[in-house]
Every structure is written in C-alpha cells, then in structure tokens.
Amino acid sequence: MAPVAQPAGVPGAAEGELPLGDHATRVLDRPARDPASGADPLVLVHALGLDRLMWAPVIACLPPDRRVIAYDVRGHGRSAGAPPPSTVRDLADDLLRLLDGLGLERVALAGLSMGGAVAQTFAVRHPGRLSALHLVATAADPQPAYLERAARAERHGVAEQLPATLERWFTPAFLAADPVPVRYARTTLAGMGAADFSAGWRALARLDVRSGLAGLRVPVRVIAGADDPATPPAMMRGIAQAIPGAEFEVVPGVRHLVGLEAPERLAAALAREFRHP
C-alpha cells in the first residue's frame with residue numbers, strides 16, 4: 001500500500017502524547033529558536049476532519065522566534081475514538097487541559113474552521129489566558145448544514161461527502177492539480193470514522209459564542225478566504241464587526257482551507273503585528 005501523503009515535516013519540531021483527562025492527544029511542538037525571545041507560544045487548532053498536521057505547512061513558514069504548538073482535537077488523528085464532545089465547550093475544555101498540561105499560562109491562539117469555533121469559545125470563557133486571537137475561515141453561529149452532514153455521515157459514512165467537502169475546501173485549480181496538501185486532506189478525511197465526524201458536526205450545531213464576542217478585549221484578527229463558500233468573507237466580516245477593535249483581512253484566491261492552499265500567506269498574517277495591540 002502506498003504511504004499516506006502528508007504535508008512536509010516541520011524542522012526542529014517534536015511530537016509526543018499528552019493526557020487530557022478522558023483521552024490523550026498528539027502534540028506537535030516546535031520550540032522557539034531563542035527561548036528568551038519573550039513571545040508567547042502560538043497554539044493552533046485544526047479543522048473538522050483533519051488533524052494537527054494540517055498546520056505543518058503554516059508552521060514551516062512561521063518565523064523561528066516563537067514556539068508553535070498544534071494538537072489533535074478530540075475525535076481526530078491520534079485522539080480518534082475518544083468520548084465524543086457534546087458541545088464546542090467540551091473541545092475548549094480540552095484546550096484548557098492542554099495548556100495546563102504543557103505549563104502554558106498565556107498564549108496566542110489561532111483556529112481554522114472548527115478550530116476557530118473552539119478558539120472563540122475558549123476566548124470567551126478564558127480571556128485571561130490569551131495574548132492574541134486569530135480566527136480563520138470559521139463561524140460564530142450554527143449553520144443548518146451541520147446537522148444534515150452529521151446525519152448523512154451516520155447513514156452513508158464519511159466517504160459519501162468527500163467530493164463535496166474537497167470542493168468547499170480548495171479552489172478548482174488547486175484541487176485538479178492534486179498536490180500533497182489535497183492528497184493529505186482527502187486521505188485524512190476518508191480515514192475518519194463516521195461517529196467522530198458526526199459528533200464534530202453535532203457539537204458545532206450547538207455553537208453559542210456570538211453573544212460573548214463583544215466582551216473580548218484581546219487583540220483579534222479575523223481572516224477569510226476570498227473564494228470560500230463555507231464561511232465567505234461577508235460572514236467573517238460579521239464576526240470581526242462583533243468584536244471591538246478586531247482586524248479583518250481577506251486572503252485572495254483561496255477557499256476554505258487557507259492554511260493548506262496558501263500557507264505562506266496565512267503564516268504572514270499570523271506573524272504580523274497588530275495595528276492596535
């Protein structure tokens with residue numbers, strides 16, 4: 001059998017298991033080149049259906065002066081088969097356990113898609129643990145399609161939704177070229193169990209952070225893919241407008257998985273200083 005296509009590795013990064021109460025996660029941890037740099041670590045939360053390796057191309061493009069951490073969300077990657085989340089709050093609680101388990105008091109946080117929902121929920125519930133927040137191609141409210149996708153996976157499996165999902169995730173040209181990021185996304189999603197996939201969508205269907213966004217005082221950057229049909233720029237702009245002082249930007253020429261189609265541009269956005277820190 002051919003090896004699974006994966007994004008390029010991250011030079012200098014280490015991987016290890018970390019217990020999070022009722023399950024364990026796999027953590028990708030790239031240390032800062034200079035531990036005395038003073039920058040808070042950047043923690044990255046991936047999209048539904050993928051795993052920590054979704055972030056590998058972005059991490060490889062980030063400046064080496066900051067520690068960067070990515071992990072497998074409950075039900076994904078090495079955390080597949082963990083007790084399913086009932087709500088996104090459960091996933092935010094896992095993130096809190098991750099930070100405590102790594103001894104991190106304060107971090108910058110970035111999440112894409114489902115990861116953005118986890119990041120928003122965490123920010124609303126634990127604002128004192130964050131120095132910055134980046135929300136990428138995500139939603140602040142449940143969408144009607146979420147429960148439909150969960151039910152379809154329970155009836156027909158994940159593979160039945162694979163073509164439509166990839167079309168939401170990538171532009172037609174990038175998908176047709178079939179580079180390593182596309183092959184990684186296809187293989188990883190196809191290998192996900194229907195129970196875990198459905199549980200993720202049902203948790204997202206109970207997302208309830210909108211009312212808490214106005215209370216955020218941490219620097220926030222909201223990032224949209226220009227051609228994203230799942231969380232289009234107008235939706236993302238609405239999230240930015242709900243957060244006092246939030247910055248908003250659009251990455252041209254990409255759909256939903258900004259970090260896999262344009263890792264260097266997303267890395268530049270994550271590394272850029274805020275206009276009003």
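Computed from the coordinates by the stated procedures, all read-outs in this text should not be read as laboratory data. For clarity, every value in this text was computed on a predicted model and none was experimentally measured. Cβ sites come from the backbone with ideal geometry, for glycine too, and all protein chains shown count toward neighbours.
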Give the residue list of trypsin sites (Lys or Arg not before Pro) in segment 76-153 that are DSSP loop and have at most 14 other beta-carbon atoms within 10 angstrom. ARG106
Could you tell me which of rounded, prolate or oblate describes segment 102-155, using a ≥ b ≥ c as the square roots of the eigenvalues of the alpha-carbon gyration tensor, with rounded for a/c under 1.5 and, failing that, prolate when a/b is larger than b/c and oblate otherwise? prolate
Cα gyration tensor shape of segment 133-277, rounded if a/c is under 1.5, else prolate or oblate by comparing a/b with b/c: oblate
Mind jotting down the distance between the C-alpha centroids of segment 30-87 and segment 123-142, whole Å? 15 Å
Where both residues lie in the chain, what percent of DSSP beta bridges are antiparallel, nearest 5? 30 percent
Return the calculated 222 nm mean residue ellipticity for the chain, to the nearest 500 deg cm²/dmol, obtained by summing -39500 (n - 2.57) across DSSP H runs with n ≥ 4 and dividing by the residue count. -11000 deg cm²/dmol
Of THR231, MET54, VAL220, which is farthest towards the positive pole of the chain's charge dipole, taken about the Cα centre with +1 and -1 on the beta-carbons of Lys, Arg and Asp, Glu respectively? VAL220
Among LEU189, ALA139, GLY115, whose Cα lies farthest out toward the positive end of the dipole of the chain, if unit charges sit on the beta carbon of Lys, Arg (+1) and Asp, Glu (-1)? ALA139
Relative contact order (%) - segment 133-277, alpha-carbon pairs under 8 angstrom, separation at least six: 32 percent
Which entry is the computed mean projected area of the Cα convex hull in nm² for this structure: [x] 13.4; [y] 20.8; [z] 16.6? [x]
Just need the relative contact order of the chain here, percent rounded to a whole number, with Cα pairs under 8 Å and 6+ apart. 21 percent
Dipole magnitude of the chain, debye to nearest 20 (Cβ charges: Lys/Arg +1, Asp/Glu -1, about Cα centre): 280 debye
Any idea how far the Cα center of segment 179-202 sits from the one of segment 219-248, in Å? 25 Å
Compute the Cα gyration tensor for segment 32-94, then decide on rounded, prolate or oblate, letting a ≥ b ≥ c be the square roots of its eigenvalues: rounded whenever a/c is under 1.5, prolate when a/b is larger than b/c in the other cases, and oblate in all that remain. prolate
